[in-house]
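For reference, the structure discussed in these notes is given below.
The values are calculated or read from the model by the stated rules, or taken from the named source; none is laboratory data. Please read these numbers as outputs of a predicted model, since none were measured by experiment. Neighbour counts are summed over all protein chains in view; Cβ atoms, including those assigned to glycine, are modelled from backbone coordinates with ideal geometry. These area figures cover heavy atoms from the full protein model, side chains too; ligands, DNA and RNA do not enter into them. Shrake-Rupley method; radii C 1.70, N 1.55, O 1.52, S 1.80 Å.
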Amino acid sequence: QVQPVESGGGLVQTGGSLRLSCTASVMSTDIFSCTGVSWYWEAPGKQRELVASIRDGGQTDYVDSAKGRFTASRDNAKSTMYLQMNSLQPEDTGVYYCKMNVRDRTGRVYTDYWGKGTLVTVSS
């Protein structure tokens with residue numbers, strides 16, 4: 001079972017930084033490898049929105065509000081994906097989720113495994 005786990009959320013002041021992490025214990029078994037992660041943000045009372053993504057080859061994509069402030073990266077040795085968030089603003093407050101796609105040893109890809117989220121609160 002692939003169950004991503006996010007961490008790194010917390011309370012930060014306006015202008016501060018946080019680094020979120022996403023990993024799944026099944027990665028340590030070498031049965032699966034992560035092909036990519038998308039980071040989503042859900043503000044209180046709002047729909048979940050895509051923020052950033054990083055693909056198998058390391059290519060990244062960002063929504064306009066994240067460009068220049070957020071950086072998605074991956075450490076394949078640790079089977080961990082990161083979202084570095086700088087210059088945080090109160091409107092960035094919400095729960096951040098990672099959605100992971102994985103590949104098994106045969107090359108088959110399995111998609112859309114969601115973590116349970118990590119809360120980011122930016123105080124003004």
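Quick look at the values:
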{"quantity": "Some residue of the range 72-92 being acidic (Asp, Glu) and under 27 Å from GLN1 (Cα atoms)", "calculated": "yes"}
{"quantity": "Residue tally, condition in a loop (DSSP other than H, G, I, E, B), among the hydroxyl-bearing types (Ser, Thr, Tyr) and touching a residue at least 12 places away in the same chain (Cβ under 8 Å), over the range 96-124", "calculated": "1"}
{"quantity": "Considering residues of the range 96-118 that are of a type in the set (A, V, I, L, M) and open to solvent by less than 60 Å² (accessible area, probe 1.4 Å) only, the residue modelled with the highest pLDDT", "calculated": "MET100"}
{"quantity": "Positions within the range 36-95 being among the small types (Gly, Ala, Ser), open to solvent by 30 Å² or more (accessible area, probe 1.4 Å) and in a strand (DSSP E or B), in sequence order", "calculated": "SER73"}
